Amino acid sequence: MTSEETRATRSETDACAPDPATTDRLLGGAHHDPHSVLGAHPHVDGTVVRVLRPHAVSVAVLPNGDRAQACELTRVHDAGLFSGLVPGSGGDYRLLVTYGDGAGGTTEQTVDDPYRWLPTLGDMDLHLIGEGRHERLWDVLGAHVRDHETPSGPVAGTSFAVWAPNARGVRVTGDFDGWAGWALPMRSLGSSGVWELFLPGVGVGDRYKFRILGPDGRWRDKADPMAFATEIPPRTASVVTRDVHEWSDDAWMAARAQVRPHEEPMSIYEMHLGSWVPGLDYREIAERLVAYLDTTGFTHVELLPVAEHPFGGSWGYQVTSYFAPTSRFGTPDDFRYFVDRLHQAGYGVIVDWVPAHFPRDEWALARFDGTACYEHADPRRGEQPDWGTLVFDFGRNEVRNFLVANALYWLESFHIDGLRVDAVASMLYLDYSRADGQWLPNVHGGRENLDAVAFLQEMNATVYREHPGVVTIAEESTAWPGVTRPTYMGGLGFGLKWNMGWMHDTLDYTGRDPIHRSYHHNQMTFSLMYAFSENYVLPISHDEVVHGKGSLWTRMPGDDWNKAAGVRALLAYMWAHPGKQLLFMGGEFGQPREWSEQRSLDWHLQSDDPLHGGITRLVADLNRTYRAQSALWSRDTTPDGFAWIDANDAQGNVFSFLRHGVDAEGRATVLACVANFSGAPREDYRVGLPSAGNWTEVVNTDASAYGGSGVGNLGRVRAEQVMWHGQPASAVLRLPPSGVLWLVPEDTGGPVLSVPAQEAAPAATVPPPLPATALPDEPEDTDIEAPATPDDDLQVVVTPADLVDPGPDDAEDAPDAGPVSTSVAPAPGTVGVRAVRTGSFVNGSSGTGTSDTGTTAGD
């Protein structure tokens, strides 16, 4: 080559190479638009192509993928930056990259160029993200496998997009670059804070992270906040995945969209997947769980959080990947199979959702771009002192959008039927668990977190608009008004709320020796003072069987027989009380040991011990009867669904009341519940009833089949026209010791009587009787039949109740609102109850419950 040719070549190379400042920014990771440097760019003499390939020996451009037209590029920087001039417009080219093989030879790879592709997000996407209104955020952020058709053939790859508004630069790294972490810079899309890159050749199963350069000049490796799959903890990388599950629950989804959950039967079995039966994956759990639910009859399961979390001891309440089901039990499609299988069998799936706080792990959301990105910048609002976690900045558009979209994602991508929102009280109060001077008031000088209120309202309104028939449930343990009031009426918009006051009072009462219970009678009646101020769930949850509290079994006084009787009586009373019911796993057979996430339940007790097996049989009968009796659920949230028969028999430790409802034809239905919490039977106990005639004893918790003593009424009682307890008729009963009776009138064939004006509830779907199936650990044949639904139609007795807002001395140490005084006036034909109490309450608790929810993992 002549000197003139050499100078011409060098001049051409210099013209193709970026200027030194641009090169330094590119290689230093601080270039916001690497696509303006790398890739193909028009030139007066053809097309300039620049490629960043560290460790490459050489790089050549293949126009239209044709090796015969290969154009060798020149290395212009030792870091692996290659550049050169290619004839023509560049068009649909490929790269031929040569690497050393470590043994003195070389290997070649033909690859596509990541820097020749247009952004995968449009202007409208970026606008909606900035406004905090992109309700399908998961469609544009995260890692998405994509296929493109080109003249030279299809190109498969994965697009990556991440929100990091204060980053100086972002790179993606993973299996595809040997975790080098500096060869694949992403581009910033305007002022949106979004960084994006399409990587050909990256597909399902590839692990990745984002390497982010913060304003402080420090690089941080971060898991993808929008990751749809992750490595199995303790490994922390995100994983590229693709949804290929074919759903088979169309009938369930169509029916769900037509129902109003608070007017439907809802008996919830709360589960921790890892300790229910350890060692199973999502698909195996689904099969065994369906069989178990067929036996026990619950309508829904509620899963402790399944979003990915690094620390198993948090039970899932310290989430790091909000869009990824935990990989401990399989892939996202395996979890979809789990939900699909339950839906096909007729069971709903609720998941715990944790938008209140997140952990400080450096590889996750904390200071994501080197600044307080997802959390509030001021520690007086951005830190949760009880749990050592960080609090989301609910006032930031993009953060609010992230959480609302996440709620929608679980409902849409996984067909979830409900979200139970954890630790709502910690979100609502700025001074939650904070001393004076450690919290910032709102713009009005108050302690209410107005940003959190707006977020919860938006989340609930959006969820119910987009997914009719689902339910949101608040774990909210204070007297915040209107938790289940619609947002258009100023409420938070939840469908249901946990009744923590009922739980504390009931467990405290039933945990006492029967001889002392008469002095605490009001603990059991007080919940009816406020039972209809919200739409309630009665929870005996995981929080009540941990942290030294003992199990439901050990809370009961007496020997094993009395403990079993106490558990049976509590559950039957709970199932009859207004509100949906939730029971944590193990409670359905009286698990004696406290729950631990590190071991299985004591399943052998169901077959080895008749007392424990009897509790399971009772729960199955309660659930079957509950589904069949619309009086127990069709008017759960209105005062006309309940009336006391006698609330004042403190000396006898007896409570009796009526539940009223309507069936599918709009006819009145009624059920009487009589609960004897004394340790002795009651002979010749007269109870007022709304009509004379035969009443069927559909539940007797003391039945010998349940492990009881067999005291009862031979399955039927005769009510006479003898007024009692303000009712026109009455019956004389034998009340079993520590026992509960449910009575329903037999069919008289009489006319349909008038009922108070109210929309009839939809008919409950009661699955046909199924053959007994094996319990999770022990095979056992148990024939359980649902009691027949009586056709008797009776005049509903309505008991009005004042709506009260009990004080907030909650189980999560929320701020105290001071003394409360409440009363309910007696209604005609009913026994009036008056209570004037001062002090603070736990969600309506009579004040004797203790602040005893666990603080592990912030749950």
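Go through region 77-91 and report how many residues are without any contact (Cβ under 8 Å) to a residue 40 or more places away in the chain and either in contact with a helix residue (DSSP H, G or I) (Cβ under 6 Å, 6 or more places away or on another chain) or buried (at least 16 other Cβ atoms within 10 Å of the Cβ) (or both). Explain how you work it out, then say what you get.
Step one: of region 77-91, the residues without any contact (Cβ under 8 Å) to a residue 40 or more places away in the chain are 78, 82.
Then keep just the ones that are either in contact with a helix residue (DSSP H, G or I) (Cβ under 6 Å, 6 or more places away or on another chain) or buried (at least 16 other Cβ atoms within 10 Å of the Cβ) (or both); that gives 82.
Adding up the residues that qualify gives 1.
Residues in region 112-158 that are part of a loop (DSSP other than H, G, I, E, B) and either among the hydrophobic types (A, V, I, L, M, F, W, C) or at positive phi (or both): 7 in all.
Tell me the helices (runs of 4 or more DSSP H) entirely within region 218-297 that contain at least 2 residues that are outside the structural domain of residue 172 (by TED's automatic domain parsing), of a type in the set (Asp, Glu) and modelled with pLDDT of 95 or more.
Values: elements: 250-256, 273-276, 282-296.
Per the criteria, 282-296.
Among the residues here, residue 413 does not qualify as hydroxyl-bearing (Ser, Thr, Tyr) and surrounded by 21 or more Cβ atoms within 10 Å (Cβ to Cβ).
When you check residue 496 against the structure, is it touching a residue at least 40 places away in the same chain (Cβ under 8 Å), surrounded by 19 or more Cβ atoms within 10 Å (Cβ to Cβ) and of a type in the set (A, V, I, L, M), yes or no? Spelling it out, residue 496 is indeed touching a residue at least 40 places away in the same chain (Cβ under 8 Å), surrounded by 19 or more Cβ atoms within 10 Å (Cβ to Cβ) and of a type in the set (A, V, I, L, M).
All of (1) within 30 Å of residue 176 (Cα to Cα); (2) modelled with pLDDT under 95; (3) more than 18 Å from the chain's Cα centre (by Cα) hold for residue 312 with one exception: (3).
Within region 440-460, does at least one residue satisfy the condition of being assigned to a helix (DSSP H, G or I), farther than 17 Å from residue 395 by Cα and out of contact with any Pro (no Cβ under 6 Å at 6 or more places or on another chain)? Give the steps one after another, and end with the answer.
As a first pass, look at region 440-460 and keep what is assigned to a helix (DSSP H, G or I): 450-460.
From what is left, the residues that are farther than 17 Å from residue 395 by Cα are none.
The answer is no; no qualifying residue exists.
Among the residues of region 309-360, the one identified as farther than 20 Å from residue 419 by Cβ, among the hydrophobic types (A, V, I, L, M, F, W, C) and in a helix (DSSP H, G or I) is 345. Can you spot a residue in region 595-618 that is more than 26 Å from residue 680 (Cα to Cα), touching a Lys or Arg at 6+ places or on another chain (Cβ under 9 Å) and polar (S, T, N, Q)? No, every residue in region 595-618 fails to be more than 26 Å from residue 680 (Cα to Cα), touching a Lys or Arg at 6+ places or on another chain (Cβ under 9 Å) and polar (S, T, N, Q). Out of all the residues in region 4-20, is one or more surrounded by fewer than 19 Cβ atoms within 10 Å (Cβ to Cβ), at pLDDT 90 or above and closer than 30 Å to residue 189 by Cβ? Yes. Going by what's in this entry, would residue 397 be described as polar (S, T, N, Q) and either at pLDDT below 95 or over 20 Å from the mean Cα position of the chain (by Cα) (or both)? Judged against the criteria, residue 397 is a match.
Given the criteria modelled with pLDDT of 95 or more, small (Gly, Ala, Ser) and under 20 Å from residue 627 (Cα atoms), does residue 564 qualify?
Working: modelled with pLDDT of 95 or more: yes; small (Gly, Ala, Ser): yes; under 20 Å from residue 627 (Cα atoms): no.
So residue 564 fails the test.
Out of all the residues in region 454-469, is one or more in contact (Cβ under 8 Å) with a residue 60 or more places away in the chain, crowded, with 24+ Cβ neighbours inside 10 Å and more than 24 Å from residue 319 (Cβ to Cβ)? No, region 454-469 contains no residue that is in contact (Cβ under 8 Å) with a residue 60 or more places away in the chain, crowded, with 24+ Cβ neighbours inside 10 Å and more than 24 Å from residue 319 (Cβ to Cβ).
The values are calculated or read from the model by the stated rules, or taken from the named source; none is laboratory data. Just so you know, these numbers come straight off a predicted model, no measurement behind them. Quick reminder, even Gly has a Cβ in these numbers, built from the backbone with ideal geometry, and neighbours come from all protein chains shown.
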